[in-house]
1. May I ask you to list pairs of residues, at least six apart or on different chains, whose Cβ atoms are under 9 Å apart, with the first in segment 241-258 being more than 29 Å from L35 (Cβ to Cβ) and the second being assigned to a helix (DSSP H, G or I) and acidic (D, E)?
2. Can you list residue pairs whose Cβ atoms sit under 6 Å apart, with the first residue in segment 601-620 being under 14 Å from T532 (Cα atoms) and the second being at pLDDT 90 or above and assigned to a strand (DSSP E or B)? Count only pairs 6 or more apart in sequence or on different chains.
3. Would you be able to tell me the number of residues in segment 489-511 that are loosely packed, with under 15 Cβ neighbours inside 10 Å and not in a loop (DSSP other than H, G, I, E, B)?
4. Considering segment 7-53 alone, what residues qualify as being exposed (fewer than 12 other Cβ atoms within 10 Å of the Cβ), closer than 21 Å to M236 by Cα and at pLDDT below 70?
5. Given the options A286, A317, name the one that is surrounded by fewer than 22 Cβ atoms within 10 Å (Cβ to Cβ), of a type in the set (A, V, I, L, M), under 24 Å from D338 (Cα atoms) and without any contact (Cβ under 8 Å) to a residue 12 or more places away in the chain.
6. Limited to segment 403-427, what total is found for residues that are more than 17 Å from L114 (Cα to Cα) and among the aliphatic types (A, V, I, L, M)?
7. State the number of residues belonging to segment 433-457 that are in contact (Cβ under 8 Å) with a residue 40 or more places away in the chain and closer than 26 Å to P130 by Cβ.
8. Yes or no: L114 outside the structural domain of R416 (by TED's automatic domain parsing) and under 25 Å from A286 (Cβ atoms)?
Amino acid sequence: MNFFESQERVRKNTTLLVVLFALAVVALIVMANVLVMLVFGFISSTQLRDGQALIRQMDWATFAAVGAGVCAVVLAGSLYKMIALSAGGKIVAESLGGQLLAQNSQDLNQRKLLNVVEEMAIASGTPVPPVYLLADEPGINAFAAGFSPRDAVIGVTQGAIERLNREQLQGVIAHEFSHIFNGDMRLNIRLMGVLNGILVLGIIGYFLLRAAPFSGRRRGNDKGGAGILALALGLMAIGFAGTFFGNLIKAAVSRQREYLADASAVQFTRNPNGTAGALKKIGGLAYGSSVRSPGAAAASHAFFAKGISGFTQWLSATHPPLEKRIRRIDPQWDGLFDVSESPAESAIERESGIENAAQHASARKRVGSVGTMAAGSVAAELMAVMAQVGQPQPQAVDYARALLAELPAPIQDAAREPYGARALVYGLLLDKGEAVRTRQLNQLQAYADPDVFALTRALMLPLDTLDVRFRLPIIDIAMPALKQLSAAQYRSFKGNLLALIAMDARVDLMEWSLQKILFRHLDSQFFKHAPTKARYADFEQLTTEVGLVLSVLAHAGAERAGDGDALGAFQASLRALGADGPSLSAIGQIGIADLDRALVKLDELQAPAKSRFLTACVAGIWHDRRATAAEIELLRAFASVLDCPIPPSVAA
């Protein structure tokens with residue numbers, strides 16, 4: 001199952017979720033009606049035993065009123081939770097007691113975790129997500145939360161970073177990244193919002209129970225107090241039933257996703273011992289994967305392994321048994337769990353990011369330079385590239401390690417803290433011409449933070465000599481630090497960024513790519529944004545937008561290659577798209593605002609149509625069997641807008 005098939009599967013699972021939710025609400029309406037009518041004397045226990053008599057004598061007006069009340073309470077509870085979760089993954093992490101880790105942390109275990117997350121993100125072509133540590137949790141567990149890669153976060157327990165070695169931690173993180181790519185995070189958050197409404201009736205019963213004895217004593221009305229007490233106990237029972245229904249719904253949409261995520265993690269890391277080893281460690285420890293946070297029950301379906309236990313878990317477990325998961329990964333497993341408490345000390349030292357020069361040299365050899373592709377069928381080459389969208393291959397990890405090994409340490413260090421991250425972005429946008437650069441530096445001196453301006457000047461020389469293939473990985477690394485800015489700092493940063501781009505009176509596509517990815521991921525952090533809805537199944541209503549974007553890509557390749565064959569690239573895109581109608585637009589007729597509007601519309605394509613569109617983009621780039629760094633950067637920018645991450649290793 002590829003990335004786009006997984007996205008389509010999540011869309012269908014969302015429909016299943018709605019159906020199951022509706023059935024659960026109907027069941028709650030029936031139980032609530034029976035409770036109200038028994039407590040307030042509308043029906044008797046004799047009538048309740050005689051179903052036909054009950055139906056004949058039912059007060060349907062009261063039934064409708066109670067049903068409407070239950071629906072209102074459930075929908076209000078769901079809506080409230082969804083609004084609370086609308087800020088994305090960080091809300092889930094904070095509700096579980098997660099603490100945001102600084103990217104430049106020097107704690108060895110934290111550094112190990114951050115290095116693994118950074119490596120996985122760069123390998124997959126997504127900005128590095130913020131990492132939260134559940135510091136008071138000794139169990140081994142992790143989760144990914146958010147609506148999309150833009151607001152995704154990774155959470156990991158203290159037990160995981162202390163008791164897993166690097167390859168095991170890498171397997172866990174790769175598992176969580178697969179949830180990000182497969183759209184599972186979005187489904188998880190929707191589950192949390194929807195199921196909160198089902199639980200509200202039980203919460204109301206709890207508060208009524210606390211108030212009932214007091215109410216009866218104060219008013220001297222034992223009968224009234226008894227009625228409220230009976231109602232409270234009944235609502236709590238209904239709340240328990242709601243919890244049971246909720247767990248069944250979670251189980252219905254969660255179990256198979258865990259098997260898929262395990263398989264994807266093994267494919268990603270090329271190491272079955274990582275994910276299987278983490279599962280074996282969980283099975284061997286007394287506290288296993290338990291999460292003690294009060295919010296764990298609501299987020300139980302989002303964890304790497306079972307986070308809670310209880311009476312109903314055997315029937316409605318959101319995760320398959322450890323034994324079954326391990327045997328799917330390691331069929332030769334001897335059935336013994338790993339009972340060791342912690343990894344070897346040498347492993348921690350190695351995993352803190354201290355690698356020897358030989359390893360770096362080996363990684364550098366694996367980094368291909370952008371250039372002519374090997375001979376072979378164009379269709380096979382297109383399939384090879386598209387297979388990496390959202391499902392990076394093992395060589396992508398090698399490529400990411402090589403990039404990090406070659407990236408100068410001062411630049412890496414700067415990218416991991418807010419002042420340096422801003423300075424790096426400013427530095428990447430400085431013009432090569434002395435006159436324009438002087439005006440840009442004057443702008444920063446006047447309006448940027450003084451310390452950021454000083455860092456920008458200090459980083460100018462290493463950035464001027466940096467290969468273009470490092471531009472987007474630097475942005476990916478810097479993203480968590482930039483998300484730590486205050487709203488005022490971000491507004492200032494964004495204003496300076498736009499001023500720097502406009503300083504030379506033109507916006508080239510390299511500048512557009514960089515700022516588009518930045519604003520795509522950062523605006524959602526600081527400003528309210530509505531989730532994009534998949535409205536279009538084909539390109540019939542988007543012919544103009546498709547033609548415009550493919551024209552931009554065709555002209556970009558022809559300009560860099562110097563062969564002027566924009567028409568050939570455009571026609572290759574149309575053949576791959578299998579569509580007629582769009583015509584090549586002259587580059588002078590395309591404005592940046594037009595390109596932005598076109599991509600906003602194309603983001604509303606359904607997953608299969610996005611796959612066809614990106615295939616057409618790749619076909620246009622590779623029609624001459626060459627790819628320039630500008631084309632790769634532009635392709636990744638387009639894909640980022642569509643939430644379809646493309647690994648930088650496609651450049652190799």
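The values are calculated or read from the model by the stated rules, or taken from the named source; none is laboratory data. Quantities reported herein were computed from a predicted structural model and do not represent experimental measurements. Cβ sites come from the backbone with ideal geometry, for glycine too, and all protein chains shown count toward neighbours.
1. From segment 241-258, the pairs are S254/D184; R257/D184.
2. Pairs found: none.
3. 4
4. Correct list: G41, S45.
5. Result of the check over A286, A317: A286.
6. The initial filter retains those residues of segment 403-427 that are more than 17 Å from L114 (Cα to Cα), namely 406, 408, 410, 419-420, 422-427.
Retained after the next criterion (residues that are among the aliphatic types (A, V, I, L, M)): 423-425.
Here the count works out to 3.
7. Here is the first cut: in segment 433-457, the residues in contact (Cβ under 8 Å) with a residue 40 or more places away in the chain are 433, 436, 439-440, 443-444, 447-449, 455.
This time we only want the ones that are closer than 26 Å to P130 by Cβ, so: 448-449, 455.
Qualifying residue count, segment 433-457: 3.
8. Values: outside the structural domain of R416 (by TED's automatic domain parsing): yes; under 25 Å from A286 (Cβ atoms): no.
No, not satisfied.
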